[in-house]
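Have a look at the structure below before the remarks.
The values are calculated or read from the model by the stated rules, or taken from the named source; none is laboratory data. In this text the structure is predicted, and so the values were computed from the model without any measurement. So basically every Cβ, Gly included, is an ideal-geometry build from the backbone, and we count neighbours across all protein chains shown. Accessible surface is based on the protein model in full, side chains and every heavy atom, while ligands, DNA and RNA are left aside. Shrake-Rupley method; radii C 1.70, N 1.55, O 1.52, S 1.80 Å.
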Amino acid sequence: MRARQLEVFTAVMRAGTVTEAARQLNISQPALSQILMHCEDELGFALFDREKGRLRPTAEALELYPEAERLFGGLEGLRRKTQDLRLGRAGLVRVGASAPPAMSLLPLILAQYRALHPDILLRSNVAPISSLVTMLRAGDSALALALDDHLPPDIEVERLGTTSFCCLLPQAHPLAGKDEVSFADLEGETIISYRSATRPHEELVKAARRAGQRFAPQLEIDVSITAVGFVQAGLGVAVVDSLLPWGQFDHVVTRPLSGAPDLPLSLLTLRGKGLSRAEEIMRDQIRVVCAARLSINP
C-alpha cells in the first residue's frame, strides 16, 4: 500500500463515506474512488463493500486498519517534521563561542531565537578558539563566535564588528581613580593578560609599541574570564577585552585602555559545509544582534 493509498484508506475508514473522506482530503469523489480501486487491485482483495453509497469495511480492512492508522500517524509526523525543518521550526542548532561573546552576546541571541522558534533544540559550547575550530571540524558546532579573524583556511570567517580592550582593577587601586588608563600608566604594574602567540596579545604588543611602551604580561591567561579572580585576589591589573560584561563582578572596576587596538568579533563556520534552515536562521539572528551591539569596522 502506497502512501497516498494509505491516506485514502484511513480517511475512508474514519469518515465512513466517500463524500466525507474526499472533503477531508480536499480531492474529488471520483479521484478518491479511483485511488481506492487501484489499491484494492494491487492488494488482490476488496477493502470495502459498496452498499447504497456507503462503504462497509471488509474483514480484511478491519484487520489492516489498526496497523494502517499507526503507519499513517508516523507518515503525518514525518510530514510535519520535514515542514518544520524547511521553515526552521524544528531541529538542533549547535553554537560555540569563546567566553566574551558567550557571556555578552549569546544570551540575547539565544533568547530572541528561542522566542521565535521555541521547538528548536539549542546547544551551546563555551571554549577557547582552538577548541572552537576543532568543534567546527568535528560537527560539534555549526557556528562559532570568536575574537579573531586569522583562522585556518578550512574555516570560513565573517567579521561582524569590533570591540576593544580595558583594564580590570581592584577597587582600591590608585589607577581606579583615573577616567582611562594608558600603557604608560601600566609601567611598573603586574600585568595579567593573554598569553603570547594569541591574537589579543599580538594586538596589544603592537599598540603598546606605537605608544612607545612595552607590553609584557607577568601572569598569562588563556581565557579572559579567569582574570577576574586574579584581580580580586590582588595579583595585579588585567588588560582584557571590553566585550565581556565585567561590571557584574564584585570588588573590581574597569577603565578604558587609551590607545587600545580594535579586536574583531567573527562568525566562524566550516568552509564548504552547508547549514540547515534552522542554522541559517541562527546565523541571521547573530548578525542582527551583533550589528546592534558592536562597532562595525570591516
Next on the checklist: Quick check: convex hull over the Cα atoms of the range 141-292, volume per residue in Å³, rounded to an integer?
Outcome noted: 120 Å³
Checklist outcome for this item: Excluding ligands, DNA and RNA, the carbon-plus-sulfur percentage of the accessible area of the chain with a 1.4 Å probe reads 51 percent
Item to check | Cβ-defined net charge surrounding Leu263, 9 Å radius [Lys, Arg +1; Asp, Glu -1] | outcome: -3
Item to check | Net charge dipole size for the range 98-156 [Lys, Arg +1 and Asp, Glu -1 on Cβ; Debye, nearest 20] | outcome: 240 debye
Checklist entry - Which residue, chosen from Asn26, Ile221, Gly74, occupies the Cα position most advanced towards the positive end of the dipole of the chain, where the dipole is computed from +1 (Lys, Arg) and -1 (Asp, Glu) charges on Cβ about the Cα centre? => result Asn26
Checklist outcome for this item: Ignoring ligands and nucleic acids, Glu51 exposes an accessible area, probe 1.4 Å, in Å² to the nearest 10, of 90 Å²
Checklist outcome for this item: Checking Pro217, Pro101, Pro152 against a Gaussian network model of the chain (alpha-carbon springs below 10 Å), the top fluctuating residue turns out to be Pro152
Item to check | Dipole axis of the chain (+1 Lys, Arg; -1 Asp, Glu on Cβ), positive-most option in Pro100, Ala207, Leu64 | outcome: Leu64
Item to check | Proximal charge balance of Asp179 [Cβ under 12 Å; K/R count +1, D/E count -1] | outcome: 0
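Mind checking the dipole of the range 207-298: about its Cα centre, +1 per Lys or Arg Cβ, -1 per Asp or Glu Cβ, Debye to the nearest 20?
Its charge dipole is roughly 340 debye.
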Item to check | Highest-fluctuation residue, Ala216, Ala61, Ala142 considered, GNM on the chain with Cα pairs under 10 Å | outcome: Ala61
Checklist entry - Any number yet on Rg/Rh for the chain, C-alpha, Kirkwood? => result 1.31
Item to check | Ranked order, Val133, Val223 - accessible area, probe 1.4 Å, largest first | outcome: Val223, Val133
Checklist entry - Quick one: putting +1 on the C-beta of Lys and Arg, -1 on the C-beta of Asp and Glu, what dipole do you get for the chain around its Cα centre, in Debye to the nearest 20? => result 500 debye
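Under the rule of -39500 (n - 2.57) per DSSP H run of 4 or more residues, summed and divided by the residues of the chain, what mean residue ellipticity at 222 nm is obtained, to the nearest 500 deg cm²/dmol? Mind dumping the intermediate values first?
Values: 10 runs with 127 residues, N = 298.
Calculated at 222 nm, the ellipticity per residue is -13500 deg cm²/dmol.
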Next on the checklist: For a quick check of understanding: with a 1.4 angstrom probe and all protein chains in place, what accessible area in square angstrom does His38 have, to the nearest ten?
Outcome noted: 90 Å²
Item to check | DSSP beta bridge pairing in the chain, given as percent antiparallel to the nearest 5 | outcome: 65 percent
Item to check | For Arg2, solvent-accessible area (1.4 Å; no DNA, RNA or ligand), Å² | outcome: 150 Å²
Item to check | Options Ser131, Ala11, Ile109, ranked by Cα towards positive dipole end of the range 8-148, top entry (Cβ charges) | outcome: Ile109
Item to check | Accessible solvent surface per residue of the chain, calculated while the other protein chains remain in place, 1.4 angstrom probe, Å² | outcome: 51 Å²
Checklist entry - Ignoring ligands, DNA and RNA, how do Asp241, Asp41, Asp185 rank by accessible area with a 1.4 Å probe, largest first? => result Asp41, Asp185, Asp241
Checklist entry - Which parts of the range 121-159 would a label at Gln248 reach, counting a residue when its backbone N lies under 16 Å from a point 7 Å out along Cα-to-Cβ? => result 124-127
